[in-house]
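Everything on this sheet refers to the single structure shown next.
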Amino acid sequence: MSNLFCINSHMKDLFDFGFTLVDEDELESVHAAQAETGQYSDEIDELRERLDRLFNAIQPLLTNLKVNPEKEYIAWPNRLEKIEEFETHIQNIYKGS
């Protein structure tokens, strides 16, 4: 009897084709959930792109600030103008412009 159980268990694992039987109500709820997540996929893609743009905007600043860490001062001509320009760029990404 124990041997038969092992064989059946082995056969079950061997012939598991990755599907399950569901009734019509379960299938409808799966379709509804897929439709709901599908409607958000464009928003998710847009947010992912904006997040990538933010990262790509900030990363060079951080990389440049790490150059020559032994120096106490940073020479940064036109600093206010460049910071305001960068701030506007970040705000536009944030707003989705």
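The values are calculated or read from the model by the stated rules, or taken from the named source; none is laboratory data. This is a predicted model, so every value here is computed, not measured. Every residue, glycine among them, receives a Cβ derived from its backbone with ideal geometry; neighbour counts consider all protein chains shown.
Give E36, E81, E43 a once-over and let me know the one that is modelled with pLDDT under 80, loosely packed, with under 10 Cβ neighbours inside 10 Å and not in a loop (DSSP other than H, G, I, E, B). That would be E36, the only listed residue that is modelled with pLDDT under 80, loosely packed, with under 10 Cβ neighbours inside 10 Å and not in a loop (DSSP other than H, G, I, E, B).
Being at pLDDT 90 or above, within 33 Å of the chain's Cα centre (by Cα) and surrounded by 10 or more Cβ atoms within 10 Å (Cβ to Cβ), is that true of even one residue in region 18-30? The answer is no; no qualifying residue exists. Determine, yes or no, whether K66 is modelled with pLDDT under 90, out of contact with any Gly (no Cβ under 9 Å at 6 or more places or on another chain) and of a type in the set (K, R). No.
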